[in-house]
Amino acid sequence: MASAGHTKSINLKFPRFSVPPRSDREVCTFVKLPRSEPFDAAGTLIVNHGNKKDFTSHHFLLYAYTGTRLDEFAALQGVIKDSKGCIDFGPTDTTTRVLIGGSQSERSLQMAPPGLATQILPTVAGANKKAFMPAKPHTVKRYLTPIFEVVANGFLKVPPHQVSTLANWSWAPGGVDLGGSTGGVPVPRGAACVTQVTAHMHKRGKKFTVNFVDHDGSQTPLFEATDYSDPGQWPRTDQPLPANWPLLVSPGQALAYECTHDNGSDASTVPVKLGCEETPGEAPGRSILDQFAARKNITGGAAKRCTQAGPDAAECPASDPAFPDRTFTGNCVEANLVFGFTSDDDMCILPGAYYDWDPVNGCDLGPLPVIN
């Protein structure tokens, strides 16, 4: 890894792994990059495809570990491990992992505007291509912090053949922080200068909207995406920065986001979710809220996947070690669409970035001193 003043990019490559037919794998790996100084990243380039052009991972996330238990990663260097959200991968201090970049499209170049960068700090010991682009020396005036708002996932539950917009929440500086303990990033305590937002859904996600909510409760549309695989972002990268960039969001204001999911209302456009039946006559699939009320693993409620409706003991055996607290009737049935880690389940997440508002200059980077 280069120093803050270095001009070379850092190239990383995810090890090869295989995905069996009609299945999903969420895998994690660890790469150690020795360095003793911070690295100011101006952006990332993520090339996200497999052995052929039309095979693409449905999402990729890149984290920097900032904790003090780096030694616990030693045995994981270059290892590929199946893990849901990498929660059980490496040391348990998962809140010390800082989101650096992500993509769900084949190729994604994400660059910070002039004067901004993401700082990657060195830690203290105790076939995809990715690249970090270094910020130009003596240009950075503020460091970016990620937005990764996930609370709407808790409300995601769409019965078979229905459409729902129940998955919604807001990113609110100074507000109640629920997402920080459920896989998201904590919200800022003070005012924030938002530089970018985008959307994350899976294949049954039909629309994602973001509205700016003012102090009086009035809402102004900010961003809309209707293509889950290539959602775009605000502001658009093919146009000049809009007049309201960066967007100041103060305590008492918010970015409200909402997802529209379709669980097979029109089978010609999207198939209904199928899952292994657990209770006769009842659609399987429990939301995060359902799991919380039942005092079960809150992210483990998605139905066990199956592919053909009807009796199928091979796909839906009476028990499965991957679902130790469940039993199945042997039938593959239409299921509720809820939050889950596979591409056949769904999500409603607001990613983005911001930097802290300055009490003297506000969001204006011009008068601020260079910090690198």
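Here each label is just a point 7 Å from Cα along the line to Cβ, and for residue 370 and residue 163 those points are 5.3 nm apart. Note on the chain: Rg/Rh from C-alpha atoms, Kirkwood Rh, equals 0.97.
Taking the charge dipole of the chain about its Cα centre, with +1 at Lys and Arg Cβ atoms and -1 at Asp and Glu Cβ atoms, the residue from 34, 164, 104 reaching farthest to the positive side is 34. Of the residues 360, 264, 18, the one whose Cα sits farthest towards the positive end of the charge dipole of the chain is 18 (charges of +1 on Lys and Arg Cβ, -1 on Asp and Glu Cβ, taken about the Cα centre). On the beta carbon distance between residue 79 and residue 268, with R0 = 45 Å, the FRET formula returns roughly 0.55. Each of 257, 143, 355 was scored by other Cβ atoms within 10 Å of its Cβ. Listed from fewest to most, they are 143, 355, 257. Dipole magnitude for the chain: computed about the Cα centre from +1 point charges on Lys and Arg Cβ and -1 point charges on Asp and Glu Cβ, it is near 1140 debye. Where only DSSP H runs of four or more residues are counted, the chain gives -500 deg cm²/dmol as its mean residue ellipticity at 222 nm, each run worth -39500 (n - 2.57). Quick one: work out the % antiparallel among DSSP beta bridges in the chain, nearest 5. Antiparallel: roughly 95 percent of the beta bridges in the chain. Taking every alpha-carbon pair under 8 Å whose residues sit at least 6 apart, the stretch 243-359 reaches a relative contact order of 27 percent. Modelled this way, with points 7 Å down the Cα-to-C-beta line, the labels at residue 88 and residue 244 are 4.4 nm from one another.
Rule-based calculations on the coordinates, nothing more; no lab input. Because the structure is predicted, anything quoted here is derived from the model rather than measured. Please note: Cβ atoms are built from the backbone with ideal geometry, for glycine as well, and neighbour counts cover all protein chains shown.
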